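Asks: There's a structure below that I have some questions on.
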């Protein structure tokens, strides 16, 4: 195996020299860390990571290869991938190709042999930083010039890059989800796709929902035209405050149907309810975030992927209540309307990758639709 | 086993002040000066010296961090190239002071010099060391020396700093 030299330079002038694996080239983006031990294929294909460079805190990556079933979208959205120790030899019966060849095919620049602990500590103390990975330009000075010109994630609308152009129906029924999700009835559900992960669609289908997927630009009338039993707001990338066009349709939908939002859907719902969002110092990315469900006091271990959060001070307390909080930094992880059948969570109950503690939320959505 | 405690907090602080004045005496163009702290404790020493410089003279020095592991001469595999540094993206035409805690064989410093040359041709490289314990295997010497401590090769010199060890002291272990 011949490895080429690659460089990673951060906004604060931290330089890492490692080996290139995956595609060759140069990428700029916000560097975030993910604390999942496995599930790199789901992470790569998660549209919420659009425009970001992801580093895995778990050191051994690539050892189970890549297959065609573990994808969360039609293509990977991560721009660059940083790992400690990349393994080019796979050892898994499901593996169809190596991670390196998958990254090359999809034009994602990978860099390994990086001290990811040092990098993660840096991101934790300094907050999110922009970075550049390059295999072509190995001059730190010129790389630094490029970073200086790159915009921050704040105020960046990335939904427009991942949302579908037209509405479509979800038909993928073959993939096995989890035996815990059995049909709860027959529902007609409208999904607003800000960058939806396929496992959400798989779980909703397993629960008996017929899914029509709408673009983020759809108006409330378009969505109501299919007479849905419920509306689902998906996850997605970027700053929620920049997705202004998606707010009005949500306001119009309040009170008409049960609504369930996840991740960006949750943040947009918050904005539609009058709350504000802010950028976290370093985002929550990983599959081991403890969340407290205030209603019962139970703690769930959840999969999360967000760089922004709803400001608890700005929530309209007369109509909305906070239902979940993150136990690491006490940020808001779930809200619910006090009278209307509307609720949302910041984290990912569909896991992929991650624990299945929060699967009950999908059943709760079905219960609301039955009424 | 602890054999002796060589320096305590005040003594370390006093030495760093003296070293700072030596640097101040020897240099004129402080914009060109760059302190390169070697991981791990050299980084904290270089930050302290920069802080003393700022407090005493009101001059802000550039500091950077360098991990010389990939430049060691005793690595089994050369394929594992991995380097991390902060604020060292160009050393061209700069006066560089390498900062480290203990000077022993001199091999770490040789690696650091090699690494610095990979970032451009510096005007000058100097060396600042807190403890020189002898037993050099290379023709390397400190320009700014905290203290010379004769040791036997069986002994270990440990520099402990508040930033990571919660205490400021230098001890000899046997």
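The values are calculated or read from the model by the stated rules, or taken from the named source; none is laboratory data. Small disclaimer: the values here were computed from a predicted structure and weren't measured. Neighbour counts are summed over all protein chains in view; Cβ atoms, including those assigned to glycine, are modelled from backbone coordinates with ideal geometry.
Asks: Identify, from the list A:3, A:16, the residue that is within 14 Å of another protein chain (Cβ to nearest Cβ) and surrounded by 23 or more Cβ atoms within 10 Å (Cβ to Cβ).
Replies: Working: A:3 fails: surrounded by 23 or more Cβ atoms within 10 Å (Cβ to Cβ).
Answer to the check: A:16.
Asks: Something else now. Could you list all residues from the stretch A:271-287 that are on the phi < 0 side of the Ramachandran plot and either touching a strand residue (DSSP E or B) at 6+ places or on another chain (Cβ under 6 Å) or part of a loop (DSSP other than H, G, I, E, B) (or both)?
Replies: Step one: filter the stretch A:271-287 for residues on the phi < 0 side of the Ramachandran plot, giving A:271-273, A:275-285, A:287.
Across the stretch A:271-287, the qualifying residues are A:273, A:275, A:276, A:277, A:279, A:280, A:283, A:284, A:285, A:287.
Asks: Return yes when residue A:22 is within 14 Å of chain B (Cβ to nearest Cβ) and in a strand (DSSP E or B) and no when it is not.
Replies: Working: within 14 Å of chain B (Cβ to nearest Cβ): no; in a strand (DSSP E or B): yes.
Answer is no for this residue.
Asks: Does the stretch B:66-79 hold any residues that are within 14 Å of chain A (Cβ to nearest Cβ) and either closer than 30 Å to residue B:155 by Cα or modelled with pLDDT of 80 or more (or both), and which are they?
Replies: Quick first cut of the stretch B:66-79, residues within 14 Å of chain A (Cβ to nearest Cβ) only: B:66-71, B:75, B:77-79.
Correct list: B:66, B:67, B:68, B:69, B:70, B:71, B:75, B:77.
Asks: While we're on this one: What about residue A:147, is it within 14 Å of chain B (Cβ to nearest Cβ), assigned to a loop (DSSP other than H, G, I, E, B) and either touching a strand residue (DSSP E or B) at 6+ places or on another chain (Cβ under 9 Å) or farther than 16 Å from residue A:57 by Cβ (or both)? I'd like the intermediate steps shown before the answer.
Replies: Numbers: within 14 Å of chain B (Cβ to nearest Cβ): yes; assigned to a loop (DSSP other than H, G, I, E, B): no; either touching a strand residue (DSSP E or B) at 6+ places or on another chain (Cβ under 9 Å) or farther than 16 Å from residue A:57 by Cβ (or both): yes.
For residue A:147, the condition - within 14 Å of chain B (Cβ to nearest Cβ), assigned to a loop (DSSP other than H, G, I, E, B) and either touching a strand residue (DSSP E or B) at 6+ places or on another chain (Cβ under 9 Å) or farther than 16 Å from residue A:57 by Cβ (or both) - is not met.
Asks: Can I ask one more? Tell me, yes or no, whether the stretch B:80-99 has at least one residue that is modelled with pLDDT of 90 or more, within 14 Å of another protein chain (Cβ to nearest Cβ), under 23 Å from residue A:20 (Cβ atoms) and in contact with a helix residue (DSSP H, G or I) (Cβ under 8 Å, 6 or more places away or on another chain).
Replies: No, the stretch B:80-99 contains no residue that is modelled with pLDDT of 90 or more, within 14 Å of another protein chain (Cβ to nearest Cβ), under 23 Å from residue A:20 (Cβ atoms) and in contact with a helix residue (DSSP H, G or I) (Cβ under 8 Å, 6 or more places away or on another chain).
Asks: Count, please, the residues in the stretch A:161-174 that happen to be assigned to a helix (DSSP H, G or I) and either at pLDDT 90 or above or touching a helix residue (DSSP H, G or I) at 6+ places or on another chain (Cβ under 6 Å) (or both). Quick ask: steps written out before the conclusion?
Replies: Here is the first cut: in the stretch A:161-174, the residues assigned to a helix (DSSP H, G or I) are A:161-162.
Subsequent filtering for residues that are either at pLDDT 90 or above or touching a helix residue (DSSP H, G or I) at 6+ places or on another chain (Cβ under 6 Å) (or both) retains A:162.
Of the residues in that region, 1 qualify.
Asks: I've got another one for you. I want to confirm something. Restricting to the stretch A:48-63 and keeping residues that are assigned to a loop (DSSP other than H, G, I, E, B) and surrounded by fewer than 20 Cβ atoms within 10 Å (Cβ to Cβ), which single residue is nearest to the other protein chains (Cβ to nearest Cβ)?
Replies: A:59
Asks: Can you pull out the residues in the stretch A:90-105 that are assigned to a loop (DSSP other than H, G, I, E, B) and touching a residue at least 12 places away in the same chain (Cβ under 8 Å)? Walk me through how you get there before you give the answer.
Replies: Initially, the stretch A:90-105 is screened for residues assigned to a loop (DSSP other than H, G, I, E, B), giving A:90-96, A:98.
Listed by number, the residues that qualify are A:90, A:91, A:92, A:94, A:95, A:96, A:98.
Asks: Residue by residue through the stretch A:247-263, note down the ones that are farther than 17 Å from residue A:361 by Cα, touching a helix residue (DSSP H, G or I) at 6+ places or on another chain (Cβ under 8 Å) and assigned to a loop (DSSP other than H, G, I, E, B).
Replies: Passing the criteria: A:254, A:256.
Asks: Sort through A:177, A:196 and tell me the only one that's buried (at least 24 other Cβ atoms within 10 Å of the Cβ), assigned to a loop (DSSP other than H, G, I, E, B) and at pLDDT below 95. I'd like the intermediate steps shown before the answer.
Replies: On the way: A:177 fails: buried (at least 24 other Cβ atoms within 10 Å of the Cβ).
Just a single option satisfies the conditions, and that option is A:196.
Asks: If you don't mind, there's one more thing I want to ask. Just need a number here: residues in the stretch A:283-304 that are surrounded by 19 or more Cβ atoms within 10 Å (Cβ to Cβ) and either more than 21 Å from residue A:364 (Cβ to Cβ) or free of Cβ contacts under 8 Å to residues at least 40 places away in the same chain (or both).
Replies: Filtering the stretch A:283-304 for residues surrounded by 19 or more Cβ atoms within 10 Å (Cβ to Cβ) gives A:283-287, A:289, A:291, A:293, A:300, A:302-304.
Applying the additional criterion that residues be either more than 21 Å from residue A:364 (Cβ to Cβ) or free of Cβ contacts under 8 Å to residues at least 40 places away in the same chain (or both) yields A:283-287.
Here the count works out to 5.
Asks: Within the stretch A:32-41, does at least one residue satisfy the condition of being surrounded by fewer than 21 Cβ atoms within 10 Å (Cβ to Cβ), in a strand (DSSP E or B), under 24 Å from the mean Cα position of the chain (by Cα) and away from chain B (no Cβ under 14 Å)?
Replies: No, the conditions are met nowhere in the stretch A:32-41.
Asks: Regarding the stretch B:38-57, can at least one residue be identified that is in a strand (DSSP E or B) and under 27 Å from residue B:137 (Cβ atoms)?
Replies: Filtering the stretch B:38-57 down to residues in a strand (DSSP E or B) leaves B:38.
In the following step, the residues that additionally are under 27 Å from residue B:137 (Cβ atoms) were identified as B:38.
Within the stretch B:38-57 (the criterion being in a strand (DSSP E or B) and under 27 Å from residue B:137 (Cβ atoms)), the answer is yes, since at least one residue qualifies.
Asks: Quickly run through the stretch A:317-350 and pick out the residues that are buried (at least 23 other Cβ atoms within 10 Å of the Cβ) and closer than 24 Å to residue A:185 by Cα.
Replies: A:342, A:343, A:344, A:345, A:348, A:349, A:350
Asks: Regarding residue A:45, is this residue out of contact with any strand residue (DSSP E or B) (no Cβ under 9 Å at 6 or more places or on another chain) and away from chain B (no Cβ under 14 Å)? Quick ask: steps written out before the conclusion?
Replies: Details: out of contact with any strand residue (DSSP E or B) (no Cβ under 9 Å at 6 or more places or on another chain): yes; away from chain B (no Cβ under 14 Å): yes.
It is true that residue A:45 is out of contact with any strand residue (DSSP E or B) (no Cβ under 9 Å at 6 or more places or on another chain) and away from chain B (no Cβ under 14 Å).
Asks: Another question, then. Taking the conditions exactly as written (within 20 Å of residue A:137 (Cβ to Cβ), at pLDDT below 95 and touching a strand residue (DSSP E or B) at 6+ places or on another chain (Cβ under 9 Å)), does residue A:36 satisfy them or not?
Replies: Numbers: within 20 Å of residue A:137 (Cβ to Cβ): no; at pLDDT below 95: yes; touching a strand residue (DSSP E or B) at 6+ places or on another chain (Cβ under 9 Å): yes.
The answer is no for residue A:36.
Asks: Pairs, please: C-beta under 6 Å, at least 6 apart or cross-chain, first residue within 14 Å of chain B (Cβ to nearest Cβ) and in the stretch A:106-132, second assigned to a loop (DSSP other than H, G, I, E, B) and surrounded by 23 or more Cβ atoms within 10 Å (Cβ to Cβ)?
Replies: Hits for this filter: A:112/A:83.
Asks: Filter the stretch A:50-66 down to residues that are without any contact (Cβ under 8 Å) to a residue 60 or more places away in the chain and out of contact with any strand residue (DSSP E or B) (no Cβ under 8 Å at 6 or more places or on another chain), then give me how many there are.
Replies: Of all residues in the stretch A:50-66, those without any contact (Cβ under 8 Å) to a residue 60 or more places away in the chain come to A:58-66.
If we keep only those that are out of contact with any strand residue (DSSP E or B) (no Cβ under 8 Å at 6 or more places or on another chain) as well, we get A:58, A:63-64.
Qualifying residue count for the region: 3.
Asks: I would also like to ask the following. Tell me yes or no: at least one residue of the stretch B:109-116 is over 30 Å from residue B:6 (Cβ atoms), at pLDDT 80 or above and within 12 Å of another protein chain (Cβ to nearest Cβ).
Replies: No, the stretch B:109-116 has no match at all.
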